[in-house]
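Structure first, then comments.
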Amino acid sequence: MTSLANLEQALPGRLLRPDADGFAELTAREFAALGDPPAAVAQVSTTADVVAAVRGARDVGLSVAVRSGGHSYAHHSAGPGGLVLDVRGLDSVSIDPDALVGHAGGGATAGAYSRAAGEHGLATGFGDTGTVGVAGIALGGGIGFLSRRDGLTVDNVLAAEVVLADGSVVTADAEHHQDLFWALRGGGGNFGVVTGLTLRLRPTAVTGGMLVLEPTPERLAAANQAVLDAADGLSAMINLLVAPPAPFLPPSLHGRPIMLVLVCWSGPEAEADSALAPLRALGEPLVEDIGPRAYTDILQGPPPSPQPLHPAMRTGFTDRLDEQWAATVLDAVTTATTFTAVNLRPMGGAIARVPVDATAFAHRHHAVMASVAAPTPDLTALPAAQAWADATARSLGLVGAGYVNFMSETTADDVAAAYPGAVLERLREVKRTYDPDNVFRYNHNVTPAPAGPGG
Ligand SMILES: Cc1cc2nc3c(=O)[nH]c(=O)nc-3n(C[C@H](O)[C@H](O)[C@H](O)COP(=O)(O)OP(=O)(O)OC[C@H]3O[C@@H](n4cnc5c(N)ncnc54)[C@H](O)[C@@H]3O)c2cc1C
């Protein structure tokens, strides 16, 4: 039996074993967990706690998983058999409106940070959901409603405080630990526990919401192109699905294929109508609910499922936007026998202007990020859901390039797709420097490069 006595002493009352009251609530996450429970959960709320927890775990040979917002599609923050560091207590947020800089603790959520920033009319771009952890999304990339204007979340990270595998604390930024700073921005939780992030803010007022259209291949291809051709202030997420009986969709649409476009215009308000005109011109909307909103309001994301889901999700990047490709998307969704969805995020804009080797996010030169999902509450249906996701990803050519934040699996092929060629080699060198024993392996794992002849 692993002795965690030292750690129990360092974190009195905050190290929970599987038989402890509250363990089930503590380990609950957005998605149903697979596999064994963790050996213990350490509830940490300061950098010193994290140092103690990392050292304590190492003393007894446990790997460390980090749980922030709990939204990992691949269940990484579940840490089967290891020590889960529950960093939700590191939830500080501070905003410096004069310097246009925000600070988020390693367990703060995108929603909490954005509400604080919004009080000053400022925002940092995250994804579409406020309950996602700032660190969780930032470490993988961060493609969302402000990305075409401001770049990915990683492009707005100015510094990170990190507890390394040996328990030391470093700050990585453009001047210090540059290799680590590069790797953290896309390389996920491979390199340490992020206890705080400093992020760039920008004055932000948005016009956004939802446009629902009858899906056709022409419309789908044209919608993608319209966003790519638009000014940088327009970001959008284009979803193809058979409408579920969701309260935000009129009952007349339930069971019908729809193209649900979530839009966000973050340019000058006076230009919102002209920016949105090409999307509105695609056809008579089945539903339109677009208007000036607080950025935090469009960060609501989908309501949590009433039942725990198994996500079955595949991602990729593509430059194909033609009608034949769009027809394949539609066909996949409309012929599926269970609920499925394809999500397309046109990129370009500020995302594409950052040099591709500036961060470990390796796919910014592509036109569109695509994800295909077949979430199911039924574990016995998971193999079929995964087979649909695999076949759809293949038919759409989504192979060889993947987005870590949207992967529900983590095979070596997935890691190679997330970090193609030289990117993986460079990450492995950084891993060797900062985590040679692979203590942080509950992630899309980058294994350390072998030690060179010198050691
Ligand atoms: C409903 C939903 C909507 C989403 N929308 C978007 C979106 O619009 N755009 C987008 O880009 N992504 C999106 N994602 C994906 C999301 O960004 C990733 O799943 C992300 O990893 C979640 O972070 P988390 O902190 O919430 O999750 P967790 O499960 O807590 O963490 C996931 C992993 O991130 C790492 N990690 C988290 N915090 C830390 C830390 N402090 N230090 C070190 N490592 C850490 C760990 O490896 C951990 O296993 C969405 C996910 C869901 C479920």
Tally the DSSP beta bridges in the chain and give the antiparallel ones as a percent, rounded to 5. 90 percent
For region 281-302 and region 400-455, what is the centre-to-centre distance using only Cα atoms, to the nearest Å? 38 Å
Quick one: 3J(HN,Hα) in Hz for region 253-266, Karplus 6.51/-1.76/1.60 with θ = phi - 60°, rounded, Gly and Pro as x. 8, 4, x, 9, x, 9, 10, 9, 9, 9, 10, 8, 9, 10
Amide H within-cut-off set for GLY208, under 5 Å, with H built and near neighbours excluded: TRP265, GLY291, ARG293
Could you compute the net charge surrounding ALA104? Neighbours are other residues with a C-beta less than 14 Å from the C-beta of ALA104; K and R count +1, D and E count -1. 0
Less than 15 Å Cβ to Cβ from LEU279, Lys/Arg counted +1 and Asp/Glu -1: what total charge do the surrounding residues give? -4
With +1 on the Cβ of every Lys and Arg and -1 on the Cβ of every Asp and Glu, the dipole magnitude of the chain about its Cα centre, in debye rounded to the nearest 20, is 380 debye
Sort THR315, THR27, THR131 so the one with the fewest other Cβ atoms within 10 Å of its own Cβ comes first. THR131, THR27, THR315
From the phi angles alone, apply the Karplus equation (6.51, -1.76, 1.60; θ = phi - 60°) to region 112-122 and give each ³J(HN,Hα) in whole Hz, x where the residue is Gly or Pro. 5, 4, 5, 5, 5, 5, x, 4, 9, x, 10
Using the Karplus curve 6.51 cos²θ - 1.76 cosθ + 1.60 with θ = phi - 60°, work out ³J(HN,Hα) for each residue of region 412-425 in order, rounded to whole Hz, and write x for Gly and Pro. 4, 5, 5, 5, 5, 6, 5, 10, x, x, 5, 5, 5, 4
For region 336-371 and region 20-71, distance of Cα centres in Å: 31 Å
Just how far, in whole angstrom, is region 376-393 from region 224-246 if you go by their alpha carbon centroids? 25 Å
Counting only other residues whose beta carbon sits under 13 Å from that of PRO302, what net charge do I get with K and R as +1, D and E as -1? -2
Would you mind telling me the antiparallel percentage of the DSSP bridges in region 4-87, rounded to 5? 20 percent
Arranged by the count of other C-beta atoms within 10 angstrom, fewest first, what order do THR340, THR46 take? THR46, THR340
Between the helical axis of 217-229 and the dominant principal axis of the chain, each derived from Cα atoms, what acute angle in degrees is found, rounded to the nearest 10? 60 degrees
Collect residues whose amide H, placed 1.01 Å from N in the peptide plane, falls under 5 Å from the amide H of LEU309; neighbours closer than 5 in sequence don't count. ALA32
Order these by the 10 Å Cβ neighbour count, fewest first: THR335, THR328, THR109. THR335, THR328, THR109
For the chain, the longest stretch holding no GluC sites (Glu not before Pro) located in a DSSP loop with at most 15 other Cβ atoms within 10 Å is which? 176-455
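None of the figures in this text is laboratory data; all of them are computed from the coordinates on show. It should be emphasised that the depicted structure is a prediction, and the values quoted were computed from it without experimental measurement. With ideal geometry, Cβ positions are generated from the backbone for all residues, glycine too; neighbour counts draw on all protein chains shown.
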